[in-house]
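Taking it in order: structure first as structure tokens, then the write-up.
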Amino acid sequence: MHCPLLAVIVCIALSAGSAQAQTLVATSNIIVRALDRSLDFTSDTTTSIRDLKVVVEARDDAASFVASQGAIRGAHLEAALGVIRSRVPEAQAASDQQLAEAILAR
């Protein structure tokens, strides 16, 4: 009697977990695409954000941050996150992890 009920509960829990994971992936993809579009946008000074020295220098720190799941936070990454958030409105709501992944994606 309890086995079928337990099986149903487990199936529902797994389905809910899968839906949450898909939502997180979709949200991350939206933010990365928005950031990518913004990084590709060229400003009046013909310097895109992705070409800024502070963002280029942050790649190693971003790799350490992503690999350590946020435990290692370098000064270059912190500076780049500040610049990106100040220049890209969509990035203000993004997590540090998402922005670090976007830095590495380019």
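On the given criteria, is residue 19 over 17 Å from the mean Cα position of the chain (by Cα) and either modelled with pLDDT of 80 or more or surrounded by fewer than 16 Cβ atoms within 10 Å (Cβ to Cβ) (or both)?
yes
List the residue pairs whose Cβ atoms are under 8 Å apart, where the first residue sits in region 66-77 and is over 14 Å from residue 103 (Cα atoms), the second is small (Gly, Ala, Ser), and the two are 6 or more positions apart or on different chains.
As it stands, the answer is 72/64, since those pairs meet every condition given.
Considering region 68-78 alone, what residues qualify as being surrounded by 16 or more Cβ atoms within 10 Å (Cβ to Cβ) and part of a helix (DSSP H, G or I)?
Let us first name the residues in region 68-78 that are surrounded by 16 or more Cβ atoms within 10 Å (Cβ to Cβ), namely 74, 76-77.
Passing the criteria: 76, 77.
The values are calculated or read from the model by the stated rules, or taken from the named source; none is laboratory data. Note that the structure is a prediction, hence the values are computed from the model and not measured. Every residue, glycine as well, gets a Cβ built from its backbone with ideal geometry; the counts of neighbours run over all protein chains shown.
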